[in-house]
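Quick note: the coordinates plus some simple rules give every number you see, no bench work behind them. All values derive from a computational prediction rather than experimental measurement. Glycine also receives a Cβ, built like all others from the backbone with ideal geometry; neighbour counts cover every protein chain displayed.
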Amino acid sequence: MARISFPRRVAALALLLGTVVCAGCGGSTSEGNDSAAQSVSSTSAAPSMPVEGEPGLPPRPFTESPVLVEAYPIPFGSYSRVGADRLAVVFETGSPECYGVSAKVIAETDAAVTIELRAGRRPDAASRMCTLIAVTGSLEVQLPSPLGQRQVLSAA
């Protein structure tokens, strides 16, 4: 088997590092696009209805992050009951070493509970490179009152 020369190894490593750096640069917005980004993120869609239960592999537990950088709403696809007034919502986001989530109940009626789940970079990871992988996670959400027979809705 032929050995790869040192200059070719250096060139391959430089190409790989350049690709990783470019991939990490895609998430920021320029000053000229801030209004477009805000209008997209402020558009509200009809709530979706996640399923009860946790299909697939067990999700990785996340701890709520009170402060997130560039937070945006994300949907959750399923939930499970942890207690009469606690749910664990299951979602997809980036690695918990770099990304965090927060949740709050934004509407509560006799028929349904709507939960808004937001994801973003953790403040301690805002200036470092993070891997671009998808992680299935779960987050426990405290409800103001017991769920009972009400539907659970995802705001995103």
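Taken along the Cα-to-beta-carbon direction at a fixed 7 Å, the label points for GLN151 and ASP110 span 1.6 nm. Counting every alpha-carbon pair across the range 51-142, the share separated by more than 20 Å comes to 33%.
If the segment from ALA134 to VAL51 were pulled out straight at 0.36 nm per residue, it would be longer than the present Cα-Cα gap by 27.9 nm. Taking amide H as placed 1.01 Å from N in the peptide plane, the amide H of SER95 sits under 5 Å from that of ILE133, each at least 5 places away or on another chain. Neighbours of VAL113, meaning other residues whose beta-carbon lies under 15 angstrom from its beta-carbon, give a summed charge of -2 when Lys and Arg score +1 and Asp and Glu score -1.
Computed from the Cα positions only, the extents of the range 96-156 along the three principal axes stand at 45, 19, 17 Å, in decreasing order.
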